[in-house]
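The next block holds one structure in the form of structure tokens; read it before the comments.
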Amino acid sequence: SLTQIHSSCPVPESDDNNKELRGRCENEIDQQWLSTFCPRQETQPENLLRLVDGSSFSGRLEIFHDNQWGTICDDFFDLVDATVACKHLGFLGASSVFTMRGGNGTIWLDNVACRGDELSFLNCPSNGWGVSDCSHLEDVGISCLPTPSPTSPTTPTTGHSQIRLSGGLSTNTGRVEIFYNNEWGTVCDDFFELADANVVCRQLGFSGASEFITLGGGYGRIWLDDVACTGDESFLDQCVSNGLGVHNCNHFEDVGVTCLSSTETQVRLVGGTSNASGRVEVLHNNQWGSICDDFFDINDANVVCRELGFSGAISFSSVGGGDGLIWLDDLSCLGTESSITSCGSRGWGVNDCSHFEDIGVTCRTSTTENNNLIRLAGGSSSSDGRVEIFYRGEWGTICD
């Protein structure tokens, strides 16, 4: 017992003149005993993966093992591995893989080979912890598809509950979610059929639905169950159901739909110096609107330019100046889509932007098609910096 251990203290317990010294002695003995028999447990981070030196959705991929963070080598690391990592981090998936470098400490993993169906990145095969033939020049980085934020839409309301499609790979497919009482929630798949899906899609501005599926993956409230639309309703909350919040479902029963892509969707460039540059605007539901610059990158610009008949994009920037609706936000194209309607986003009209964030692009024309472009980047002025060259739709550096 601690009482017996305290007897080893050289200061007698009966020594009233040295009670303070006796107390310090017993405290030191207590600490030694606790450190021996009750070693302190190292706290482990909540998520064993993180993205460093980038943004909230892009950066060098690092993993926590043996009480320290380390990097992952880029050998054989591909989009399948990145997708598993991004989903592990809570994102919809991955948009790109790149060599980022700049890490330090241990390189924990090499030759990662995920199948793509792993629920955790830790389940992916590799050489094993700390076994690699890499240097930090080969640290891998990834960009994830941003997850739509569960916030209230900024578009004007109609007196009916707003709805959105979440977790899909394009604007016309995903989990059906409805906004009520300042909270987004899902819809259960019980008795859900094509008539219900048609009402959802028409409310979102599409001509109708092509299919409905049990998608799962939601969180928070399940707002609707046993939905029974006639098919003639204009809004989902006009359909018969058990009532808001009344259900007997779990989130693995969350319903999703795929809407028919509108043939009216068009893209144009406005306010530029030529037909190959300007503010990007998209026609949806018979109305032109702009696109917010949040998370917009060269992949998105390339899709816009190719949809307009150009071979790709030279650059993109925030140009502002639009009016009316902001149709799309958090656009996340892979770069291979033939239309921006096939790219991920927060959904039609759902945004947290102002028109000063309207995005613009400059597309490649026949006069620039066969000419490489050069720029100076990262310098302190326009006359110095890192030399970069533009080729086949992508900027790259020149080795020294």
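From the list Asn198, Asn182, Asn172, the lone residue that is surrounded by fewer than 14 Cβ atoms within 10 Å (Cβ to Cβ) and closer than 29 Å to Gly289 by Cα is Asn182. Scanning region 305-321 for residues that are of a type in the set (S, T, N, Q) and either under 13 Å from Ser290 (Cα atoms) or modelled with pLDDT under 85 (or both) yields Ser311, Ser318. Those strands (runs of 3 or more DSSP E) of region 275-319 in which 1 or more residues are out of contact with any Asp or Glu (no Cβ under 9 Å at 6 or more places or on another chain) and under 15 Å from Ser345 (Cα atoms) occupy 277-284.
Residues checked against (1) β-branched (Val, Ile, Thr); (2) in a helix (DSSP H, G or I); (3) in contact with a Ser or Thr (Cβ under 6 Å, 6 or more places away or on another chain); (4) surrounded by fewer than 22 Cβ atoms within 10 Å (Cβ to Cβ):
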| residue | (1), (2), (3), (4) |
| --- | --- |
| Gly54 | no, no, no, yes |
| Gly70 | no, no, yes, yes |
| Asp75 | no, no, no, yes |
| Ala82 | no, yes, no, no |
| Cys86 | no, yes, no, no |
| Gly90 | no, no, no, yes |
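The residue pairs whose first member lies in region 115-126 and is without any contact (Cβ under 8 Å) to a residue 40 or more places away in the chain, whose second member is of a type in the set (A, V, I, L, M), and whose beta carbons are closer than 6 Å, counting only pairs six or more residues apart or on different chains, are Gly116/Val80; Glu118/Val84; Pro125/Ala113; Ser126/Leu109; Ser126/Val112.
Residue-level check: of (1) open to solvent by 20 Å² or more (accessible area, probe 1.4 Å); (2) in contact (Cβ under 8 Å) with a residue 24 or more places away in the chain; (3) farther than 28 Å from Glu193 by Cα; (4) of a type in the set (S, T, N, Q), Asn275 misses just (2). Taking the criterion of being touching a residue at least 60 places away in the same chain (Cβ under 8 Å) and either open to solvent by less than 20 Å² (accessible area, probe 1.4 Å) or at positive phi (or both), the residues of region 303-325 that qualify are Gly312, Ala313. Considering only residues of region 155-169 that are among the polar types (S, T, N, Q) and open to solvent by 60 Å² or more (accessible area, probe 1.4 Å), which is modelled with the highest pLDDT? Among those that are among the polar types (S, T, N, Q) and open to solvent by 60 Å² or more (accessible area, probe 1.4 Å), it is Thr158. Residues of region 212-231 that are of a type in the set (A, V, I, L, M, F, W, C) and open to solvent by 60 Å² or more (accessible area, probe 1.4 Å): Phe212, Ile213, Leu215. Return yes when Leu269 is within 23 Å of Arg202 (Cα to Cα) and hydrophobic (A, V, I, L, M, F, W, C) and no when it is not. Considered against the rule, which asks whether it is within 23 Å of Arg202 (Cα to Cα) and hydrophobic (A, V, I, L, M, F, W, C), Leu269 comes out as no.
Taking the conditions (1) surrounded by 15 or more Cβ atoms within 10 Å (Cβ to Cβ); (2) out of contact with any strand residue (DSSP E or B) (no Cβ under 6 Å at 6 or more places or on another chain) in turn, Ser234 satisfies each one other than (1). The single residue among Val131, Val97 that is more than 24 Å from Asp297 (Cα to Cα) and open to solvent by 30 Å² or more (accessible area, probe 1.4 Å) turns out to be Val131.
In region 161-170, the qualifying residues are those that are outside any strand (DSSP E or B) and of a type outside the set (S, T, N, Q), and the one that is farthest from Asn248 (Cα to Cα) is Leu169.
Candidates are the residues of region 357-390 that are of a type in the set (Asp, Glu) and in contact with a Lys or Arg (Cβ under 7 Å, 6 or more places away or on another chain); the one that is modelled with the lowest pLDDT is Glu388.
Residue-level check: of (1) open to solvent by 70 Å² or more (accessible area, probe 1.4 Å); (2) touching a residue at least 24 places away in the same chain (Cβ under 8 Å), Gln266 misses just (2). Output the residues belonging to region 237-246 that are assigned to a loop (DSSP other than H, G, I, E, B) and open to solvent by 50 Å² or more (accessible area, probe 1.4 Å). Within region 237-246, Asn242, Leu244, Val246 meet the criteria. Put simply, of Asn47, Asn18 the only residue that is closer than 19 Å to Asn123 by Cβ, open to solvent by 40 Å² or more (accessible area, probe 1.4 Å) and modelled with pLDDT under 55 is Asn47.
Among the criteria (1) closer than 25 Å to Ala94 by Cβ; (2) open to solvent by 60 Å² or more (accessible area, probe 1.4 Å); (3) charged (D, E, K, R); (4) modelled with pLDDT of 75 or more, the one Glu394 does not fulfil is (4).
Summed over region 103-129, the residues that are within 20 Å of the chain's Cα centre (by Cα) and charged (D, E, K, R) give a count of 2.
The values are calculated or read from the model by the stated rules, or taken from the named source; none is laboratory data. Every value quoted in this text rests on a predicted model; they were computed, and no experiment measured them. A quick note on method: Cβ atoms are made from the backbone with ideal geometry, for glycine too, and the neighbour counts reach across all protein chains shown. Ligands, DNA and RNA are stripped out before the accessible areas are found, and what is left, the full protein with its side chains, is counted by its heavy atoms. Shrake-Rupley method; radii C 1.70, N 1.55, O 1.52, S 1.80 Å.
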